[in-house]
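Each remark here refers to the structure printed beneath this line.
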């Protein structure tokens, strides 16, 4: 957060000074700016990059930065009103019903948006930099770049050693998942996109948990699918309602997160695990298992159930997971695992969309998970997440008793408190940002009308317990402003 603030401050100062220079005139050297503003060379480079993106300066390698020349004629605005018709709804060939082509990314942006400087990030979907293995990542990337052939074209399915590693992670050594069943993907979001496009044609229904991950809902809508919600309780998805939804809709895919579901934190109970597979198999449908949180189990989680894919002999489950959540937002390396003819379709769609995941990134992932520091990192994350979860839960009970936390999970990185009935989520999130804490509203997590107002509060994207306590204090101020 400090580096980001320094870059913004320096860019603002330089922006004010650019007009003192004539078009084409050279600005002070990077060394001079470092000395004058007492910032790092990296901060200077990033601030100049900001101004270059705004068209205010031009940077020339080896020569420095120059004020950009003003165009002889400013660009004239065109008439883009024609796009409204072109981007409007279109008819679905299968059902004849209109399929909205607009994509609501607000739920995704709520966890990706950078809040104002000084705001506490209860909205984050990733580990705080202090919890990321930054030194191990840097070392892995350096070693990966020196591997023979590291900058060549990889196999479209992914590096053999990385596919083998993912197969062991999913099914265990000698388990039912083999390396040939695995495709390396550019993170979990890419894997979700590939899976949904492979399993359902535009206009088709797809069953989803309710509530569920907004990024999955956005993927479904962007693919022209119709998400149909199936309620979740403390034992996971309601399998009686799942069977009814399959019968009513004729859906051929169900997307779920059986372990530490986002946002409820629920773990699918053993009886329901077997029932999900049975119901889907009888419906002739696939289960897309998003196993995003397996490496985010807390220190007190106890033995974890295996993935559904490890107990599926019939190829019902399309399994996906990623290294991103437990390592770094920029380590976008994940996997899709599937058996049977569907695997060929998944492969074809991924090849068409992206060709392959860059080989240096795959090599770096192999270096990271193969290093002795990897297991230490996982233990550290498990202990830290448990500690931060406990602090946030205690602070909410003490300072905001009006917020109800139905379930304190033993994995994942957030809590899912319920606001009092009648509360306007938008009023709370807006007041929270004014108070200096960014939170995610609950509405984007529902495919239909939500039963109650909620917030999603992340304890993973903050610096530590002290910042959690301060964030809850600021949230109490916001709730008072919003009359919660």
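The table below gives the values:
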| read-out | value |
| --- | --- |
| Ranked 237, 369, criterion: other C-beta atoms within 10 Å, fewest first | 369, 237 |
| By average C-beta atoms within 10 angstrom, highest first, the peptides 189-195, 149-155 | 189-195, 149-155 |
| Residue-span extension gain [residue 387 to residue 113] - 0.36 nm each, minus C-alpha spacing | 96.1 nm |
| 445, 413, 21 arranged by Cβ crowding within 10 Å, fewest neighbours leading | 21, 445, 413 |
| Computed FRET value (nearest 0.05) for residue 249 with residue 70, which takes r as the C-beta separation and R₀ as 56 Å | 0.45 |
| Ranked 479, 256, criterion: other C-beta atoms within 10 Å, fewest first | 479, 256 |
| Angle between the chain longest axis and helix 188-199 axis [Cα atoms, degrees, rounded to 10] | 50 degrees |
| Packing-based ranking, highest mean first, of 243-254, 167-178 given that Cβ atoms within 10 Å are counted | 243-254, 167-178 |
| The chain: relative contact order as a whole-number percent, Cα under 8 Å and 6+ apart | 18 percent |
| Cα-projected label distance for residue 180 with residue 434, points at 7 Å along beta-carbon direction, nm | 6.3 nm |
| Most to least packed among 208-217, 118-127 [average Cβ atoms within 10 Å] | 208-217, 118-127 |
| Computed label-point distance, nm, for sites residue 49 and residue 222 using a 7 Å Cα→Cβ extension | 2.3 nm |
| Cα-based helix-to-principal-axis angle, 372-399 vs the chain, degrees rounded to 10 | 90 degrees |
| Residues in the range 459-478 that a label on residue 9 would reach, taking backbone N under 20 Å of a point 7 Å out along Cα→Cβ | 463 |
| Projected-area mean, the chain, by convex hull of Cα positions, square nanometres | 26.6 nm² |
| Calculated P(r) of the range 134-371 - Cα pairs past 31 Å, % | 19 percent |
| Inter-label distance for residue 379 and residue 330, nm, one decimal - labels placed 7 Å from Cα along Cα-to-Cβ | 2.9 nm |
| Computed helical MRE - 222 nm, the chain, DSSP H runs ≥ 4 contributing -39500 (n - 2.57), nearest 500 | -13000 deg cm²/dmol |
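Laboratory data are not the source of any read-out in this text; all were calculated from the coordinates shown. What you see is a predicted model, and the numbers here were worked out from it, not measured in a lab. Reconstructed Cβ throughout: ideal geometry from the backbone, glycine too, with neighbour counts over all protein chains shown.
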